[in-house]
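Here is the structure we will look at.
The values are calculated or read from the model by the stated rules, or taken from the named source; none is laboratory data. Here the structure is a predicted model, which means the values were calculated and not measured. Backbone-built Cβ (ideal geometry, glycine too); neighbour counts: all protein chains shown. Ligands, DNA and RNA are excluded from the accessible area calculation, which covers all protein heavy atoms including side chains. Shrake-Rupley method; radii C 1.70, N 1.55, O 1.52, S 1.80 Å.
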Amino acid sequence: MSKERERQENHRAVADAVVLATFDDAAPRTATEVAAETDVSSEVVVDILDGLVEGGDLRAKELTDGDATLTAYFAPASLHGTPANVDPETAREEAVDEAVAEMDVPGVSEMMIDWRRDAVRAAWDHLAEEGTVTDREFKMEVFPKYRAGYDDAEAWWSFLRPRLPRLPGVTGPGEDGSTWEYVSA
């Protein structure tokens, strides 16, 4: 699987998880309500909701009042039992944890592999907190605390740079070749 396709699938999985997490009770919701709760555009939310209905994770019902029609989406208890109270940010964090845990990283020992996965996660955390970060800022802010067995920031960045875009919400590098952006689902 190509890295771009893997990145797109990770983004889609996070978006699905974030939207699905809004159905933490038995209350039906409209696409507009889900969009407001998740800060995702209505058009994207409708696509995600329809995909979740097709996948069997949600159900939809058309409600009509005169000429007005509204689609209500809901997670029936028969499909999921009692829904967990998971907020969208928690769902996003769990998706990142899963992506990092499954990521192929070099290392001669399990400890080294863990250090390197921690470095990838720390870079994602920094980007998610800041919103926009340059290559240089990653090296100055994250490298000193998460060296991952590397002696210099350039070697560390050579390891981390190709892995960062595989994580949910990461866009980059930008047109300048060094600016990264975090985009929430």
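I need the full set of residues from region 115-154 which are touching a residue at least 40 places away in the same chain (Cβ under 8 Å) and small (Gly, Ala, Ser), in order please.
Answer for region 115-154, where residues must be touching a residue at least 40 places away in the same chain (Cβ under 8 Å) and small (Gly, Ala, Ser): 119, 123, 128, 131, 149.
Yes or no: region 175-182 includes at least one residue that is open to solvent by 50 Å² or more (accessible area, probe 1.4 Å) and either under 17 Å from residue 12 (Cα atoms) or modelled with pLDDT of 90 or more (or both). Steps first, answer last, please.
Step one: list which residues in region 175-182 are open to solvent by 50 Å² or more (accessible area, probe 1.4 Å), which gives 175-176, 181.
From what is left, the residues that are either under 17 Å from residue 12 (Cα atoms) or modelled with pLDDT of 90 or more (or both) are 181.
Within region 175-182 (the criterion being open to solvent by 50 Å² or more (accessible area, probe 1.4 Å) and either under 17 Å from residue 12 (Cα atoms) or modelled with pLDDT of 90 or more (or both)), the answer is yes, since at least one residue qualifies.
Checking residue 171 against (1) of a type in the set (Val, Ile, Thr); (2) touching a residue at least 40 places away in the same chain (Cβ under 8 Å); (3) closer than 22 Å to residue 13 by Cβ, which single condition isn't satisfied?
Evaluating residue 171 over (1) of a type in the set (Val, Ile, Thr); (2) touching a residue at least 40 places away in the same chain (Cβ under 8 Å); (3) closer than 22 Å to residue 13 by Cβ leaves (2) as the failure.
Checking the structure you have, find out if any residue of region 63-85 is at pLDDT 80 or above and under 12 Å from residue 16 (Cβ atoms).
no
What tally of residues in region 132-146 results from selecting those that are crowded, with 16+ Cβ neighbours inside 10 Å and part of a loop (DSSP other than H, G, I, E, B)?
Final tally of qualifying residues: 3.
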